[in-house]
Amino acid sequence: MITRFAPSPTGPLHLGHAYSAILAHDMAMAAKGKFLLRIEDIDLSRARPEWETQIYDDLRWLGLRWATPVMRQSDQMDRYRATTDQLFRDGFLYPCQCTRADIAAAAAAPQEGVPAFGPDGRIYPGTCHTPSDARAALPVPNDAALRLDLGRLRRLFDDPKGLWLTETGSGPKGETGTIRFTLANLACEVGDVVLARRDMGTSYHLSVVLDDAAQGITHVVRGADLYEATKIHVVLQHLLGLPTPIYHHHRLIRDDAGKRLAKRDDARALSKYRAEGATADNIRRMVGL
Ligand code: GLU
């Protein structure tokens, strides 16, 4: 078993991160496997080296150890770019210049029973979509976001049995076991997601899928807030010929008011508990481990 903890160095780690990291670590140790750490810093406008240093400090303080060297996503940009280039040439991506405001304005009045929002926000209404044969011969644009053409995927992979993944934890609605879905579900609930952001050349979805495969991750342990995004990841694994790991989504740690902790919740930062004299065991107990 190989698990990983994949934080973004954009703020202090809090109790929710501690829970996720300890769970992934302990699962791997119990199976005599390996625990890896990956720094997800593709958003160079938000990532800071001092947060990365603090991540190492906090995790060591929690008593966790990981295999080295640590993969840092900002060092992998050429690999991501090679994949987006290939997907573009194969006609699976189309350029999009829409702003958030354009998308909000173009989305028609929501139809009953059809979701308006997916895991990446408002479902894209397809404004910039062009037929794949009209774009494959064009150079890969570097001044636009690139969106996944789910319509083309649906025409090519007409699989009546659909796609599936194994969930050993649970999604936000208690989803567990074998989770089945179709590309038609995905087109309706998620839409044509951005696989390469204009300012980045990649996206969370693409990088996470490529790196989980590159690092041989067998069990992805992460918060239930990422459960819906997993279906996008399974589609990408299919498209890129990569294995689908087992997924283990866990409950979210909430504050006293029941709100899920966010990076800005400095009050729950691990460094703060540490400065106040807490121990790693105290943290384990606080998150219910
Ligand atoms: N980097 C993501 C985060 O900080 C987690 C990615 C994942 O576990 O798939 O929330």
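Nothing in this text is a laboratory measurement; each read-out follows from the coordinates by a stated rule. Predicted model, so just to flag it, every value in this text is computed and none were measured. Note that we place each Cβ from the backbone using ideal geometry, even for glycine, and neighbour counts take in every protein chain shown.
For the stretch 219-289, the direction-averaged projected area of the alpha-carbon convex hull comes to 6.3 nm².
When +1 charges are put on Lys and Arg Cβ atoms and -1 charges on Asp and Glu Cβ atoms, the dipole computed for the chain relative to its Cα centre reaches about 460 debye.
The aspartates and glutamates whose alpha-carbon is closer than 12 Å to the alpha-carbon of Lys34, local same-chain residues fewer than 8 away aside, are Asp26.
In sequence order, the stretch 77-85 has phi-based couplings of 4, 5, 5, 4, 4, 4, 6, 5, 4 Hz under the Karplus curve 6.51 cos²θ - 1.76 cosθ + 1.60, θ = phi - 60°, and Gly or Pro positions carry x. Cut-off 10 angstrom, C-alpha nodes, Gaussian network model of the chain. Which of Ala47, Ala134, Ala184 fluctuates the most? With Cα springs under 10 Å in the chain, the top fluctuation among Ala47, Ala134, Ala184 is at Ala134.
In sequence order, the stretch 185-192 has phi-based couplings of 4, 5, 4, 7, 8, 10, x, 7 Hz under the Karplus curve 6.51 cos²θ - 1.76 cosθ + 1.60, θ = phi - 60°, and Gly or Pro positions carry x. Counting only trypsin sites (Lys or Arg not before Pro) that are in a DSSP loop and have at most 16 other C-beta atoms within 10 Å, tell me the longest site-free stretch of the chain. Value returned for the longest uninterrupted segment is 66-160. A run of the chain free of exposed loop cleavage sites, with GluC sites (Glu not before Pro) counted only in DSSP states other than H, G, I, E and B and at most 13 other beta carbons within 10 Å, reaches its longest extent at 113-275. Taking the helices alone, the chain has a mean residue ellipticity at 222 nm of -10000 deg cm²/dmol, built from -39,500 (n - 2.57) per DSSP H run of at least 4 residues and averaged over all its residues.
What the Kirkwood sum gives for the stretch 78-192 is a hydrodynamic radius of 16.0 Å, with every pair of different alpha carbons counted.
Kirkwood hydrodynamic radius of the stretch 1-92, from the reciprocal of the average inverse Cα-Cα distance over all distinct pairs: 14.4 Å. Pairs from the list Lys173/Lys231; Lys161/Lys231; Lys231/Lys259 with a Cα-Cα gap above 20 Å: Lys231/Lys259.
As a ratio to 2.2 N^0.38 Å, the alpha-carbon radius of gyration for the stretch 122-172 is 1.60. Report the residue, chosen from Val70, Val220, Val194, that carries the largest GNM mean-square fluctuation when the chain is represented by alpha-carbon nodes joined by springs under 10 Å. Among Val70, Val220, Val194, the largest GNM mean-square fluctuation belongs to Val70. Take the Kirkwood radius over Cα pairs of the stretch 149-289, plug it into Stokes-Einstein at 20 °C and 1.002 mPa s, and you get 124 µm²/s for translational diffusion. The radius of gyration of the Cα set in the chain, together with its Dmax, comes out at 19.7, 63 angstrom.
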